[in-house]
Amino acid sequence: MAVSSFIQYIRYEKRFSPHTVKAYESDLAAFFEYQQVTYQAAAMAEINHSMIRSWLVSLMEAQITPRSVNRKISSLKTYCKFLLRKGELKTNPMLKVLSPKTSKRLPVFVEKEKMDSLFDTIDFGEGPEALRDKALIELFYATGMRLTELVNLKESDFDFGNDTVKVLGKRNKERIIPITPSVKKSIRGYLAAKSGKEVKLQVPELFVTAEGKKIYQKLVYRIVTKYLGQVTTLEKKSPHVLRHTFATHMLNNGAEINSIKDILGHANLSATQVYTHNTVEKLKKVYKQAHPRA
């Protein structure tokens with residue numbers, strides 16, 4: 001079946017994250033269920049742009065947000081391109097499908113003073129797990145790497161001589177990110193504690209569980225939420241918030257946007273430019289507070 005071969009393609013050849021693969025799978029399943037029930041169409045070759053628009057209208061009538069609808073459109077576009085390359089489609093029905101406009105949502109970030117408080121005043125405790133928790137949060141904040149990238153980091157990815165870490169990002173692209181002396185110290189401290197554990201280490205990854213297995217995303221999420229919750233009242237307290245925080249603080253401190261783009265592993269500059277909006281909002285706030293006629 002074309003859908004199953006497409007899922008195999010994005011999972012193993014394009015190396016999309018498990019979360020993205022699951023989303024694509026869910027989007028396509030819902031799409032074909034609608035087409036089957038409404039038009040008795042079971043394959044993409046039987047479906048035209050009007051039938052796709054009908055599905056999108058049904059989603060919006062069901063109060064699905066424009067952002068979510070656009071994600072589903074993206075799934076369909078990628079799938080159709082795949083079918084065109086394989087010769088299973090002669091024309092692309094997505095060319096006449098327009099995406100709904102979405103309001104720009106500013107990235108949520110933690111204020112610098114609160115991040116300073118996190119590292120300077122919060123007690124992470126002692127032992128390998130405590131050192132791990134502090135090191136991973138510090139690494140997120142110092143590099144802006146993604147959750148999946150951190151989970152898959154290996155000890156061998158670090159070059160302490162050059163103060164860098166090698167990260168395998170989206171589409172299997174490698175990038176080299178500098179690390180600070182503080183991160184270097186934290187990672188080395190954790191490595192020493194980990195090697196002294198009585199539990200046998202079973203994996204080459206840097207961060208491991210108490211049982212010596214590769215750390216998993218939900219555990220990292222819980223760790224980040226736990227410690228961010230001690231310094232901020234933000235509703236969202238996730239690894240991605242630390243990524244946003246890294247980029248915003250770098251930009252506020254004068255870093256070039258192209259450098260931030262390369263560190264974050266963005267494919268194009270437009271993805272990074274969203275952080276400039278936070279800087280503009282900060283300038284507006286300062287202006288209103290300082291200008292006598294503001």
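Rule-based calculations on the coordinates, nothing more; no lab input. This one's a predicted model, so the numbers in the text were calculated from it and none came from an experiment. Backbone-built Cβ (ideal geometry, glycine too); neighbour counts: all protein chains shown.
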- Sum up the charges of everything whose Cβ sits under 11 Å from the Cβ of T272, counting Lys and Arg as +1 and Asp and Glu as -1, but leave T272 out. -1
- Query: Taking θ as phi - 60°, what are the ³J(HN,Hα) couplings along the stretch 151-165 by the Karplus curve (6.51, -1.76, 1.60), each to the nearest whole Hz, with x for Gly and Pro?
  - Reply: 4, 8, 4, 10, 4, 6, 6, 8, 10, 5, x, 9, 6, 9, 9
- Note on the structure: Rounded to the nearest 10 degrees, the helix 239-252 long axis (Cα) sits at an angle to the longest Cα principal axis of the chain of 70 degrees
- Starting with the highest mean, order 143-149, 213-219 by the number of other Cβ atoms within 10 Å, averaged over the residues of each peptide. 143-149, 213-219
- Query: Under the Karplus relation 6.51 cos²θ - 1.76 cosθ + 1.60, θ = phi - 60°, what is the ordered set of whole-Hz ³J(HN,Hα) values for the stretch 37-42, x standing for Gly and Pro?
  - Reply: 6, 7, 10, 6, 9, 10
- Could you work out how far the C-alpha centroid of the stretch 222-278 sits from that of the stretch 95-127, in angstrom? 6 Å
- Message: Can you give me the angle between helix 49-61 and the longest principal axis of the chain, using Cα atoms only, in degrees from 0 to 90, rounded to the nearest 10?
- Response: 50 degrees
- Note on the structure: Taking every other residue with Cβ under 13 Å from the Cβ of K166 and scoring Lys and Arg +1, Asp and Glu -1, one gets -3
- Item | Residue-wise HN-Hα coupling along the stretch 190-200, computed from phi with Karplus coefficients 6.51, -1.76, 1.60 (Hz; x: Gly, Pro) | 5, 4, 5, 5, 5, 5, x, 5, 6, 6, 6
